[in-house]
1. crowded, with 19+ Cβ neighbours inside 10 Å and either free of Cβ contacts under 8 Å to residues at least 60 places away in the same chain or in contact with a helix residue (DSSP H, G or I) (Cβ under 9 Å, 6 or more places away or on another chain) (or both), is that true of Ala50?
2. Read through the list (1) out of contact with any strand residue (DSSP E or B) (no Cβ under 6 Å at 6 or more places or on another chain); (2) hydrophobic (A, V, I, L, M, F, W, C); (3) in contact (Cβ under 8 Å) with a residue 40 or more places away in the chain, then give the number of the only condition that Leu94 fails.
3. Would you pick out the residues in the stretch 60-88 that are touching a residue at least 40 places away in the same chain (Cβ under 8 Å) and closer than 19 Å to Gly99 by Cα?
4. Which one of these is open to solvent by less than 80 Å² (accessible area, probe 1.4 Å) and within 23 Å of Gln115 (Cα to Cα): Gly78, Gly73, Gly89?
5. Hey, could you check the stretch 92-116 for residues that are at pLDDT 95 or above and of a type in the set (Ser, Thr, Tyr) and say which is surrounded by the fewest Cβ atoms within 10 Å (Cβ to Cβ)?
6. Which ones in the stretch 67-118 are in a strand (DSSP E or B), small (Gly, Ala, Ser) and closer than 16 Å to Gly37 by Cβ?
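The values are calculated or read from the model by the stated rules, or taken from the named source; none is laboratory data. Since the structure is predicted, the reported quantities are computational estimates derived from the model, not experimental observations. For neighbour counting, all protein chains shown are included, and Cβ atoms are generated from backbone atoms with ideal geometry for every residue, glycine included. When the accessible area is computed, the model is the full protein with side chains, heavy atoms only, and any ligands, DNA or RNA have been set aside. Shrake-Rupley method; radii C 1.70, N 1.55, O 1.52, S 1.80 Å.
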Amino acid sequence: MKTWLPVLSAMAVCAAVGFGAALAADVPAASLKFGPGVEKTKQGYEPPAAIYIVANPTNVFSNHFYYGSKTTGELKRGDRVEALAKVKGYEWVLVGKGGTGIGYVPISMLSPADQYHP
């Protein structure tokens, strides 16, 4: 039993840290600025997982659904994006300029900056 005690203690600490991180993971929509035509999501926001660079050219969309969404701009391969927040439950990031959200981009079009290869 003594050999399992450190393992169980470590598991309990990891679970507590993970639970605390999950509770602190929200980004309030009221703390975000949205440009003209950019819609707030009903799902909510969480912090982005990384600093991103555009891996594939993509449009920037007014909401995080392709269908019925207007484009608000476009990004070119190699552009560094200002990831303001990730849409909860979706693989979309609210990107911005100067702290104001200009639209949403699918994470699949981005690469974490430390993994980007031009």
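1. no
2. For Leu94, the exception is condition (1).
3. Val60, Phe61, Ser62, Asn63, His64, Leu84, Ala85, Lys86, Val87 - these are the residues of the stretch 60-88 that are touching a residue at least 40 places away in the same chain (Cβ under 8 Å) and closer than 19 Å to Gly99 by Cα.
4. After ruling out the rest, the residue left standing is Gly78.
5. Here the answer is Ser108.
6. Here is the first cut: in the stretch 67-118, the residues in a strand (DSSP E or B) are 71-75, 80-87, 92-97, 100-106, 110-112.
Imposing the further condition that a residue be small (Gly, Ala, Ser) reduces the set to 73, 83, 85, 96, 101, 103, 111.
Passing the criteria: Gly73, Gly96, Gly101, Gly103.
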